[in-house]
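Q: I have a structure I would like to understand better, so I am pasting it below and will then ask my questions one at a time.
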Amino acid sequence: MHGGWVVFVSKRHFRTRRKEKGHTASLLSVSGIAAGVMTLVAVLAVMNGFQIGTIENILEINSYHLRVEGLSSTGEVAGAAGSGSGGTAPDSESGAAGSGGAASDSAAAAAGSERAVAGRLENVRGVGSAIPFHEIQTLARGFYSEPESVALRGLPADVLARDPGFAESLEVVSGSFDLERPGTVVLGAELSRMLGVGVGETVTFVNLGGEDFDVSDPAETELEVTGLFRTGFLDYDRGWGFVSLEEAGERFAADDEPVWGIKLENRFNDRIVAARLEEALPDGASVLSWREFNRSIFGALRLEKTLMMLLVGLIFVVVGVNIYQSLRRSVVERTEEIAVLKALGAPPRSIRTVFTLEGLMIGLLGGVLGVMLGLLVSENVNELFALAERLINAVGAVLELLGGAVAEGRFTIFSPAYFYIEEVPTRAVLWETIGIFLFAVVSATVAAHFASLRVARIKPSEILRNE
């Protein structure tokens, strides 16, 4: 018998009404698969939005893709790093500047040397930008007398132009990101609120590090706030500030050599680029990848996502059992038809394929509907939350008019009192969506295959004799 009849019979089984429940069993199976796929796609899109946003904030603002420590500001990067012409002029410039004794000449020499090292690091294949920075732990006091712990980071004044990822992740909500003028600082918006200061006002910082630190008489310095930033990550908005490299050295005694933050063209090539840098760097310098620096938090995020996928994936187990039972009943109801097919010479394997293909159709249809609905929900999740809030507030208003319970304020799903978000970020990843779809199709097909094994126990002679 030609194999085309298998597909024909499978389509007929999928479309025709069942004896007892009509189309209910097929509709429930398809709906179950679609609901599972939609839920998993939407949940993972929201989780990806939060997690990828967190990861990008950490990498773009804090840890960078690679960190180079122990590199002297006048140290040479070996020829393997590339000997671009951009590094020669700053060297000669710094040498000329170093011959002078004035402070301005010394600052110009330091800046020229820093740019020379940055140019050599950026010549390494795969490196996008190289930024030197100092990290300073301080206490800050503003209008309110209660001090706040602040992590100050010293950066080049032109960091926004040199590091596009940093500039994109940081939104200046008031003032400007101005580190050019001496005695200035840029604070996180939430930190400024806690200190009670705004743009143009001064903040007193107590340096908690350095060799000259004296607990009984700590050094204090006042800086003028030139701008307020917001990243969407509370730890940075609540506890971070930025000063220039010169201010970090002069006012906070950051005499050690700066750490170099390396941004890569592709952060997943960190191991390859790290190996190139290690070959190019002088002895004493070390390279640390973002995977090692953020191992604990990224591991926690990965575990959270894996557990959520497993929990939501249990939907497919339930739906698979439902498909198994449904198709098993279908085999029983179609015993006579199966007996006739066997009597006509159809092999048991082909008859089992009929029911397996029916399960495949259920998985394909449910998977396609689920992916479409999941992506639709992901793209409009904030609108759906807003609609839910309006409905709940409308019900509360009706109950209040009817003399029922009085609602205390307006209901919000993500209240600013508990959540530091303005909207729910979503990001659907292609390979995850494809994986969910394939998992749904496979679970339905496997369930149908096991349900079809009952076909082997059907004996045509007994069934047709009884009929």
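The values are calculated or read from the model by the stated rules, or taken from the named source; none is laboratory data. None of the values given here were measured: they were computed from a predicted structure. Neighbour counts are summed over all protein chains in view; Cβ atoms, including those assigned to glycine, are modelled from backbone coordinates with ideal geometry. Quick note on the areas: whole protein, heavy atoms, side chains included, nothing else; ligands and nucleic acids left out. Shrake-Rupley method; radii C 1.70, N 1.55, O 1.52, S 1.80 Å.
Q: Within region 309-340, how many residues turn out to be open to solvent by 70 Å² or more (accessible area, probe 1.4 Å) and either closer than 19 Å to residue 51 by Cβ or touching a Ser or Thr at 6+ places or on another chain (Cβ under 8 Å) (or both)?
A: Selection size over region 309-340: 4.
Q: Another one. Scan region 139-159 residue by residue and report those that are surrounded by fewer than 22 Cβ atoms within 10 Å (Cβ to Cβ) and either in contact with a Lys or Arg (Cβ under 7 Å, 6 or more places away or on another chain) or not in a strand (DSSP E or B) (or both).
A: Within region 139-159, 143, 144, 145, 146, 147, 156, 157, 158 qualify.
Q: Within region 197-212, which residues are of a type in the set (Asp, Glu) and at pLDDT 85 or above?
A: 201
Q: In addition: For region 181-196, what are the residues that are under 16 Å from residue 146 (Cα atoms) and open to solvent by 20 Å² or more (accessible area, probe 1.4 Å)?
A: 190, 193, 194, 196
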